[in-house]
Every structure is written in C-alpha cells, then in structure tokens.
Amino acid sequence: MSDFGTFVLDQLPPPPGRILEIGCGKDGGLVDLLTAAGYDALGVDPEAPDGASYRRVRFEDVDGTYDAVVAGRVLHHVNPLDEGIAKLASLAPLLLVDEFAPERIDAGARDWYEAQRRMLVAAGASPPGPPDLGAWAARHPDLHQPETLL
C-alpha cells in the first residue's frame, strides 16, 4: 500500500462511505484499495481505466455528494484553482490531498532520482514517474506553487 493510501484510510470515516478520487489516472489510483476497504469508491480522470468504478470525465463535470474527495498530486494542475476547490467543497466535506514541490528538487536529488529510475528499468521494472525530471518540469511551467496550494 502506498503511503498516501495509508494516510487516506487513516483519515476517512469508517466504511461504508462514498469516496470520489479525482485524477485517478490510467492506473486507477486508490480506487481498488478503497473498494477493498469497504468504500463505494469512484475514480474520475480523462484517462481513467474501464470499469464500473471509473468515469472518463474531468472532476469539474461530476455531480452528487460524497463523504470525501481524494486528490493525489492533482491540484497543482487545476485552473482556475479557486473554482476547482469550490467544486470539490460542494461535493464532500472532507478533502484528502497529496501534493509535492517540484521546485525543491535540486540537481543532486534529480541526478539521484534519475539514476535510481534507470537502475530499476535496467532490472526490468516499470517505475512510475518521468524518466527526466528537468524535461518534465519544462513541459509543466504552469503548475501552481506549493504556497498557493497551501
């Protein structure tokens, strides 16, 4: 289980409950974990997997009420942010967030990450995350700064 998955399960009210995961991605995020724990979980993402627990939509197009919304490394992409947060607040009283600060990754950390990733790939693994953090940052110049998200 991921650290974020552990955090989410520790923060949620006990099952059953309706949980919406926004930005679940093509791998489905935490939806399977939440379902296995007894929640009625729905993952939304334009690239969500096929299945009854997923919808290929933007979260801005979701209606209904939920006990919680889960957002793992998603909000830094949301524009306009104020409207996105207002939408999430209209869907559930609890928002569980995992974010990061890409501008804090210095050259040494970037070199270490990329070397570790290359070793995993050479060993036959398919690690998540971009192979080149510098190229990734260059493709995403419009991300919200951590201070804005906080």
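The values are calculated or read from the model by the stated rules, or taken from the named source; none is laboratory data. In this text, all values refer to a predicted model and were calculated from it rather than measured experimentally. Positions of Cβ are backbone-derived with ideal geometry, glycine not excepted, and every protein chain shown enters the neighbour counts. Ligands, DNA and RNA are excluded from the accessible area calculation, which covers all protein heavy atoms including side chains. Shrake-Rupley method; radii C 1.70, N 1.55, O 1.52, S 1.80 Å.
I need the Debye-formula profile for the stretch 1-96: one equal scatterer per C-alpha, no solvent, reported as log10 I(q)/I(0) at q = 0.13, 0.16, 0.23 1/Å, two decimals.
Debye intensities relative to I(0), on a log10 scale: -0.37, -0.58, -1.27.
Percent of Cα-Cα pairs per 5 Å bin, from 0 to the last occupied bin, for the stretch 24-150, please list those.
Final binned percentages: 2, 9, 16, 19, 18, 15, 12, 7, 2, 0.
What do you get when you divide the Cα radius of gyration of the stretch 78-118 by 2.2 N^0.38 Å, with N the number of residues? Spell out each step's value before the answer.
Working: Rg = 16.3 Å, N = 41, 2.2 N^0.38 = 9.0 Å.
Taking N as the residue count of the stretch 78-118, the ratio is 1.81.
Percent of accessible area on the chain owned by carbon and sulfur, 1.4 Å probe? List each step's numbers first, then the result.
Numbers: 4790 of 8950 Å².
After summing per-atom areas, the C and S share lands at 54 percent.
Per-residue counts of other Cβ atoms within 10 Å, averaged by peptide: what ranking do you get for 20-31, 96-107, 131-142, 61-72, highest first? Intermediate results must be reported in sequence, preceding the final value.
On the way: 20-31: 22.6, 96-107: 13.4, 131-142: 11.6, 61-72: 17.7.
Highest-to-lowest ranking by the protection proxy: 20-31, 61-72, 96-107, 131-142.
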